[in-house]
Amino acid sequence: MASPLSFSTLITILIIIIPALLQCPVRSDDTGDQLLKGINSYRTTQNLSPLTENKNAACLAEQIAEQFKGQACSNTTGDDTVPGTEQQFPNFPDFLDQCHLNASVIRDGTIMPACVPGLEPNLLLSNFTKSQYSEYLNGTQFTGIGIADEGNWAVVVLSTNTPTGNYATVSGNDSSSSVALRSSLLLLMLGLLIVLLN
Ligand SMILES: *[C@@H]1O[C@H](CO)[C@@H](O)[C@H](O)[C@H]1NC(C)=O
Ligand SMILES: *[C@@H]1O[C@H](CO)[C@@H](O)[C@H](O)[C@H]1NC(C)=O
Ligand SMILES: *[C@@H]1O[C@H](CO)[C@@H](O)[C@H](O)[C@H]1NC(C)=O
Ligand SMILES: *[C@@H]1O[C@H](CO)[C@@H](O)[C@H](O)[C@H]1NC(C)=O
């Protein structure tokens, strides 16, 4: 059997590694990160506060990006969509369910798909900052943002900090906070174990 010292060293290592694994299940996404930085620089040049990441808005953006994936770019899609002719998805209520959202909490938000071959970063950013979408990026009412990309498509969802646009989950408790709770409980238990072992 291992000596108590090396065993508690092992536990200490686990304490450091396990919460890190639990809290970072999402893949890092360069396109999304760059677009977020670009949009926030744009906001700064407009003297507007930067947008903070809203996980639930990102969840809905992902559902919608999945639908657009595979569709070709055209002069009537993405940022060139003629207002009033936005693509409608009959299964939109399912997307909301999937993200634990309802129609009331997204009402004042906005959903902006863009199509750029290869998601070329500069073109992608200008598809938001130099198109009809700039009206929304200029909006003082928006405080949060969620971004997803699939294929040649990126979807940006903006949220507000009001009950009619904050993308709050229906249970009022998003999955990330329960993960945080679970990992703090785990930490506590491992901490107790160390105390007992010493
Ligand atoms: C889109 O492209 C088609 C074919 O190239 C052209 O006929 C049409 O006028 C264009 N529409 C707009 C809104 O630019
Ligand atoms: C958006 O991206 C397309 C490429 O799909 C490009 O042709 C167009 O110029 C871009 N629009 C803006 C406003 O940057
Ligand atoms: C957003 O603000 C920029 C800079 O002030 C301006 O050029 C652009 O036209 C605005 N967009 C809309 C849709 O008003
Ligand atoms: C939508 O969810 C919010 C937040 O949980 C809740 O306050 C509201 O009553 C719900 N609305 C509907 C129509 O279910």
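The values are calculated or read from the model by the stated rules, or taken from the named source; none is laboratory data. Keep in mind that what you see is a predicted model, and the values were worked out from it rather than measured. All Cβ positions, even for glycine, are placed from backbone atoms using ideal geometry, and neighbour counts span all protein chains on display.
Quick look at the numbers
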quantity: Subset of segment 67-114 [out of contact with any helix residue (DSSP H, G or I) (no Cβ under 9 Å at 6 or more places or on another chain) and away from ligand 1 (no atom under 16 Å from the Cβ)]; calculated: LYS69, GLY70, GLN88, PRO90, ASP97, SER104, ARG107, ASP108
quantity: Residue ID - modelled with the highest pLDDT, chosen from residues in segment 169-188 that are loosely packed, with under 11 Cβ neighbours inside 10 Å and part of a helix (DSSP H, G or I); calculated: LEU188
quantity: Verdict on THR164 being crowded, with 17+ Cβ neighbours inside 10 Å and either on the phi < 0 side of the Ramachandran plot or aliphatic (A, V, I, L, M) (or both); calculated: no
quantity: GLY144 being more than 16 Å from ligand 1 (Cβ to nearest atom) and at positive phi; calculated: no
quantity: Residue within segment 156-165 that is at pLDDT 70 or above and farther than 30 Å from ALA114 by Cβ present; calculated: no
quantity: Counted residues, segment 110-127 - those being more than 16 Å from ligand 3 (Cβ to nearest atom) and either part of a helix (DSSP H, G or I) or more than 27 Å from ASN161 (Cβ to Cβ) (or both); calculated: 10
quantity: Helices (runs of 4 or more DSSP H) wholly inside segment 1-74 that include at least 1 residues being within 16 Å of ligand 3 (Cβ to nearest atom), charged (D, E, K, R) and modelled with pLDDT of 95 or more; calculated: 30-45
quantity: Members of segment 85-109 found to be assigned to a helix (DSSP H, G or I) and crowded, with 18+ Cβ neighbours inside 10 Å, listed by number; calculated: PHE95, LEU96, VAL105, ILE106
quantity: Matching residues, segment 114-125, being surrounded by fewer than 19 Cβ atoms within 10 Å (Cβ to Cβ) and touching a residue at least 60 places away in the same chain (Cβ under 8 Å); calculated: PRO121
quantity: Some residue of segment 90-106 being among the polar types (S, T, N, Q), away from ligand 4 (no atom under 16 Å from the Cβ) and in contact with a strand residue (DSSP E or B) (Cβ under 8 Å, 6 or more places away or on another chain); calculated: no
quantity: Pair list, Cβ under 6 Å, 6 or more apart: segment 126-142 residue free of Cβ contacts under 8 Å to residues at least 60 places away in the same chain, other residue more than 9 Å from ligand 3 (Cβ to nearest atom) and of a type outside the set (D, E, K, R); calculated: ASN127/ALA114; ASN127/VAL116; TYR133/MET112; TYR136/THR110; TYR136/LEU158; GLN141/THR160
quantity: Inter-residue pairs, beta-carbon under 8 Å, first within 16 Å of ligand 4 (Cβ to nearest atom) and in segment 34-54, second aromatic (Phe, Trp, Tyr) and part of a loop (DSSP other than H, G, I, E, B), 6+ apart; calculated: ASN54/TYR167
